[in-house]
Ligand SMILES: [Zn+2]
């Protein structure tokens, strides 16, 4: 069950007061996607994860809080253009604007997650938004790579970061880079779920598969695989799950 309430927030950038839906709690039933996107019902709470001031366009988790950097970014022409970029869904633009602010604040990890949420909303809006989703993932991958370069973690371990990055790259069709990320994670000799997810990613890259898969799909696939070989089935003979 998902619970929420309506709350009035006063924008910290322009002082305008508006009403926003605030998430109180939700539950998750099933396995997350390979990029950690939660299953229903939590999956459907994206619109409650970012607020946009209807007066000045400031986008944030809470519009009542703003840094000096955020105020400066909201006034920038590229921010104004992003807010109305017709290539993306309205909610994707909100997440991408939030991502621009977080990046300017030096928070590349959260900026990457905001860009990935933008991709998720494009996914939800149908195939005509596939190009937009790939652009969002391209941005997320660049931000995650920058976070890694700066030594700022964006997942619970370097192996988990490799698994997220591999999925973001693979879903946007960048198979060589995705496979390299999976190999980098596997080289750290992870165990358990992460190891199986990374091997599944490597397999999907070899199949040039951009489909959506869950962690359960990876675990199912790994049954019958021989991890010590570090190799997948020959082309076409692998037990595979259908994209959802
Ligand atoms: Zn405002």
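Compared with the dominant Cα axis of the chain, that is its longest principal axis, helix 90-104 is turned about 90°. Here, the range 75-205 has an Rg and a Dmax of 15.0, 47 Å when only alpha carbons are counted. Geometric descriptor of the chain, per residue, is 123 Å³ (volume of the convex hull of the Cα atoms). With contacts taken as Cα pairs under 8 Å at a separation of at least 6 residues, the chain carries a relative contact order of 13 percent.
The ranking of 127, 146 from fewest to most other beta carbons within 10 Å of each one's beta carbon is 127, 146.
The angle separating the long axis of helix 192-206 from the principal Cα axis of greatest extent in the chain is about 80 degrees. Taking label positions 7 Å along the Cα-Cβ direction at both residue 45 and residue 8, the computed distance is 2.6 nm, reported to one decimal. Exposure proxy shown here: for 5, 58, 79, the number of other Cβ atoms within 10 Å sets the order, fewest to most, as 5, 79, 58.
Among 149, 71, 208, the largest mean-square fluctuation in a Gaussian network model of the chain, built with springs joining Cα atoms closer than 10 Å, belongs to 149. I'd like the FRET efficiency for residue 212 and residue 67, computed as 1/(1 + (r/R0)^6) with the beta carbon distance as r and R0 of 30 Å, rounded to 0.05. With a Förster radius of 30 Å, E is 0.30.
With r defined as the distance between the Cβ atoms of residue 80 and residue 19 and R0 fixed at 22 Å, what FRET efficiency is calculated, to the nearest 0.05? It comes out at approximately 0.40. Here the sum of -39500 (n - 2.57) over DSSP H runs of 4 or more residues, divided by the residues of the chain, equals -15000 deg cm²/dmol at 222 nm, to the nearest 500. Spacing of the modelled spin labels on residue 130 and residue 193, each 7 Å from Cα toward Cβ, amounts to 3.0 nm.
For the chain, the longest principal axis of the C-alpha atoms and the axis of helix 158-171 are separated by about 80°. Computed over the chain with a Gaussian network model linking Cα atoms closer than 10 Å, the most mobile of 100, 48, 24 is 24. The order of 13, 50, 131, going from fewest to most other C-beta atoms within 10 Å of their C-beta, is 131, 13, 50.
Mean-square fluctuations from a GNM of the chain, with a 10 angstrom spring cutoff on Cα atoms, peak among 161, 128, 183 at 128.
Quick note: the coordinates plus some simple rules give every number you see, no bench work behind them. Since this is a predicted model, take the numbers as computed values, not measurements. As a convention, Cβ positions derive from the backbone with ideal geometry for all residues, glycine included, and neighbour counts pool all protein chains shown.
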